[in-house]
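Trainee: Please find one structure pasted underneath; my questions will follow.
None of the figures in this text is laboratory data; all of them are computed from the coordinates on show. These numbers were taken from a predicted model, which means no experiment stands behind them. Please note: Cβ atoms are built from the backbone with ideal geometry, for glycine as well, and neighbour counts cover all protein chains shown.
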Amino acid sequence: YGAPGVEFTGLHKDTTAVTQIHFLPGQGRLLSLLDDNTIHLWELVVGPHREVGGAKKEGGVCLKQVDNYSLPGRPGIESCSATRVTVLLLLKSCDLLCIGTEGGGVYFLELPHLMLKENQTLLQDQVTQSLPDDYRCGKSLGPVESLQEHPQQPGKILIGYSRGLVVLWDLSAHHADQLFLGKQQLESLVWERSGSLFVSSHNDGGYAVWPVTSGNTYTHQPVSSTIPYGPFPCKAINKILWRTSQRGSPVLLYSGGMPRASYGDRHCLTIQQDKEHVTLDFTSRVIDFFTIHNIELDKEFDDPAALVVLLEEELVVIDLQTPGWPTLPTPYLAPLHSSAITCSCHISNVPPKLWERLINTGKAQRSRLRTHMSWPICGGKNLAPPPKQQELLLTGHEDGTVRFWDASGVALTPLYKLGTANVFHTDCDEPHDSSNDHDIQQEEEEWPPFRKVGCFDPYSDDPRLGIQKISLCKYSNKLVVAGTAGQVIVLAFNDEPSDHSVDVSVVDLLQDREGFTWKGHDRLEPRLKPAPFPPGFQPQVLVQCLPPASVTAVALHTEWNLIAFGTSHGFGLFDYHRRNTVLARCTLHPNDSLAMEGPLSRVKSLKKSLRQSFRRIRKSRVSGKKRTITTPTSKVHEANAALAEQEEVAPVQRRIEPRSADDSLSGVVRCLCFADTFLRDGWFVYQFCSP
């Protein structure tokens with residue numbers, strides 16, 4: 001991945017996990033280490049020329065594997081287990097690859113030919129001979145945990161062993177310049193920019209600062225040793241970075257180190273500088289992280305600009321130049337399943353006006369992140385022509401959000417996020433009590449100073465908010481979303497923020513049924529007072545179905561201001577322009593739906609339920625029938641009355657065969673669709689679709 005739109009993919013022949021990747025700077029190459037202990041060399045190459053319209057055009061750039069190497073089986077190697085690769089270090093000269101192994105040996109490959117330099121091999125026995133007797137004690141040094149090149153003296157590397165020993169090794173002289181006799185199990189190493197000291201992190205949740213001095217062969221103790229989240233037992237600090245800054249003290253970044261008993265299950269990364277201390281709290285495991293900083297040798301300071309964190313479920317980038325260290329919006333690798341996806345909708349050929357409004361609304365949303373930094377990963381240039389048409393993907397989520405994605409290019413790019421939770425009072429709402437302000441302040445000052453980061457959140461505050469159906473009219477900019485608790489929300493696009501109340505209507509799909517008891521969740525409680533809504537799609541009308549079962553079908557007709565919605569109990573037709581106007585409703589008999597009792601077992605036609613629904617409408621709108629105003633609503637009334645008058649005609653019945661108990665949705669309204677019939681007047685068609 002580089003600049004937005006620049007993306008290459010390479011596929012290994014063997015389906016083995018990739019454990020490490022390293023760039024060869026300035027060469028367009030990279031190295032990959034697989035779980036089967038093989039090292040592969042990749043190269044960005046230009047594909048063959050191709051003819052387009054009679055003219056020759058240069059082929060596209062692709063990632064191609066050019067060589068590979070496997071440590072086991074080569075001369076001078078003892079066994080597969082001893083030579084299992086634990087860490088790779090590519091020297092800045094890019095001509096030598098250092099390989100640390102589980103057996104404690106360090107091997108060297110010449111690049112780009114991947115040839116083993118046997119005369120450079122450093123085995124653990126050679127290091128052990130240089131140790132004082134009281135430190136040796138007949139114990140193994142353990143696997144190589146870290147390899148780091150000296151930042152100012154090429155050809156010198158730090159070798160860190162699991163037992164705690166760190167060796168400063170001179171490759172050209174082939175001997176140890178200095179040995180640091182650590183006693184705590186080692187996790188990682190990092191150099192300070194000047195090379196005068198380095199920092200080690202350990203499995204007890206601490207880190208130590210070691211001085212590098214000439215003429216001193218053995219260093220028994222570090223300059224300082226700290227367990228930042230002690231004194232109680234802490235988890236290991238898996239990786240640590242030390243970056244100098246001209247704005248003050250060094251920036252210290254490390255993953256892990258949490259108190260084992262209290263927060264051992266948290267996925268955290270800590271940033272420290274002077275008195276600023278933030279513990280980034282993620283919802284998925286931290287795989288790796290690095291900083292984007294000055295790498296020119298003539299620069300005195302690192303001055304980190306951004307922190308890039310690869311998590312198990314997403315990629316997070318932190319702006320280290322802006323106070324507060326805010327998060328940057330990601331143009332790619334954003335998790336589709338930030339909250340569990342419950343439905344989706346694809347819109348092609350989006351009108352330019354709607355597209356521009358969505359783009360501007362998304363930019364306004366992202367501006368609240370308080371960062372003005374552009375995307376720092378900017379390699380390459382996107383040469384793809386602009387798409388001929390804009391395409392949208394809408395995803396509904398379990399937390400009540402609808403996310404809009406640009407599906408026009410190579411990758412899905414997040415455009416805009418719509419939340420529906422602010423329409424309701426939910427389980428996570430808590431009334432504000434001024435007497436608790438002191439307690440709230442104490443909670444904010446808790447230790448460690450956690451801050452939730454990232455958009456991946458698999459947990460829902462209230463499962464009733466889940467979005468089940470989405471319908472967008474790209475011409476009228478109307479959106480309908482329906483949810484798990486029978487809620488149907490009609491939204492209209494507004495470029496300005498607004499404070500208003502949402503009109504609420506309740507449609508009882510079981511009003512003629514006696515003795516029925518709903519045993520599911522309660523319906524969501526709507527907010528009746530005016531509430532602030534940001535620019536974008538803003539709720540106008542809320543329809544709540546009773547009982548509050550999940551909405552299984554929805555349809556929108558913006559010309560007539562109609563919405564149709566269906567659940568496992570029936571369906572309704574609603575005029576959202578004329579508030580509180582239910583034009584039609586149909587109740588499914590309990591024996592017609594597995595959602596009520598059990599499998600379909602009786603000879604029954606749904607037409608009886610439809611006739612009863614239309615008859616009720618006819619009786620309740622006697623005065624409406626006398627009007628002769630030709631409006632869409634009056635046409636609905638006329639058609640309802642005509643159908644109701646046909647109730648003497650015997651319905652055509654068919655046998656509905658029993659279904660298996662596993663087919664739990666066989667009687668549910670699956671689809672609702674408005675359509676022109678091309679008869680005397682334009683009308684709508686409703687249909688029950690079941691297997």
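Trainee: Net charge around Asp499, counting only other residues with Cβ within less than 14 Å of its Cβ (Lys, Arg = +1; Asp, Glu = -1)? Can you show the working numbers first?
Mentor: Numbers: positive: Arg527, Lys529; negative: Glu496.
Neighbourhood net charge equals +1.
Trainee: Quick check on my link table: of Lys363/Lys388; Lys417/Lys478; Lys363/Lys469, which ones sit more than 19 Å apart, alpha carbon to alpha carbon?
Mentor: Values: Lys363/Lys388 23 Å; Lys417/Lys478 16 Å; Lys363/Lys469 26 Å.
Pairs exceeding the cut-off: Lys363/Lys388; Lys363/Lys469.
Trainee: What's the extension gain from Arg366 to Gln184 if we count 0.36 nm per residue and subtract their Cα-Cα distance? Before the final figure, lay out the partial values.
Mentor: Details: separation 182, 0.36 × 182 = 65.52 nm, distance 4.43 nm.
Extra length from Arg366 to Gln184 when fully extended: 61.1 nm.
Trainee: Here's something else I'd like to know. Which FRET efficiency value, to the nearest 0.05, is calculated for Lys452 and Asn216 with the Förster distance at 41 angstrom and r the Cβ-Cβ distance? It would help to have the intermediate numbers written out before the result.
Mentor: Working: r = 46 Å, r/R0 = 1.11.
Computed FRET efficiency for Lys452 and Asn216: 0.35.
Trainee: Continuing with this model, one more query. Be a star and scan region 446-460 for residues whose amide nitrogen sits under 16 Å from the point 7 Å along the Cα-to-Cβ vector of Glu276.
Mentor: Answer for region 446-460: 449-451.
Trainee: Along the charge dipole of region 239-376, pointing to its positive end and built from +1/-1 on Cβ of Lys, Arg, Asp and Glu, which listed residue (Thr330, Val350, His293) has its Cα farthest out?
Mentor: Positive-most Cα among the choices belongs to Val350.
Trainee: Roughly speaking, what is the stretch gain from Thr322 to Val66, that is 0.36 nm per residue apart minus the C-alpha to C-alpha distance, in nm to one decimal? Show your work: numbers first, answer last.
Mentor: Details: separation 256, 0.36 × 256 = 92.16 nm, distance 4.19 nm.
So the chain would gain 88.0 nm between Thr322 and Val66.
Trainee: At what distance in nm do the modelled label points of Asp522 and His346 sit from each other, each positioned 7 Å from its Cα along Cα→Cβ?
Mentor: Each label point lies 7 Å from its Cα, and together they span 4.1 nm.
Trainee: Given labels modelled 7 Å from the Cα in the Cβ direction, how far is it in nm from Asp461 to Gln152?
Mentor: Taking the simple label geometry, Asp461 and Gln152 are separated by 5.3 nm.
Trainee: So which GluC sites (Glu not before Pro) in region 298-390 end up in coil per DSSP with only 11 or fewer other C-beta atoms within 10 Å? Can you show the working numbers first?
Mentor: Working: sites: Glu300, Glu312, Glu313, Glu314, Glu356; in loops: Glu300, Glu312, Glu313, Glu314.
Passing both the DSSP loop test and the Cβ count: Glu300.
Trainee: Any chance you could run the full-extension gain for Ile359 through Ala675? It's 0.36 nm times the residue separation minus the Cα-Cα distance, nm to one decimal.
Mentor: On the way: separation 316, 0.36 × 316 = 113.76 nm, distance 3.15 nm.
Gain in length upon complete extension: 110.6 nm.
Trainee: Take Ala411, project a point 7 Å from its Cα along the Cβ direction, then tell me which residues of region 290-330 have their backbone nitrogen under 18 Å from it.
Mentor: Under 18 Å, as judged by backbone N against the label point of Ala411, lie 290-292, 306-319, 327-330 of region 290-330.
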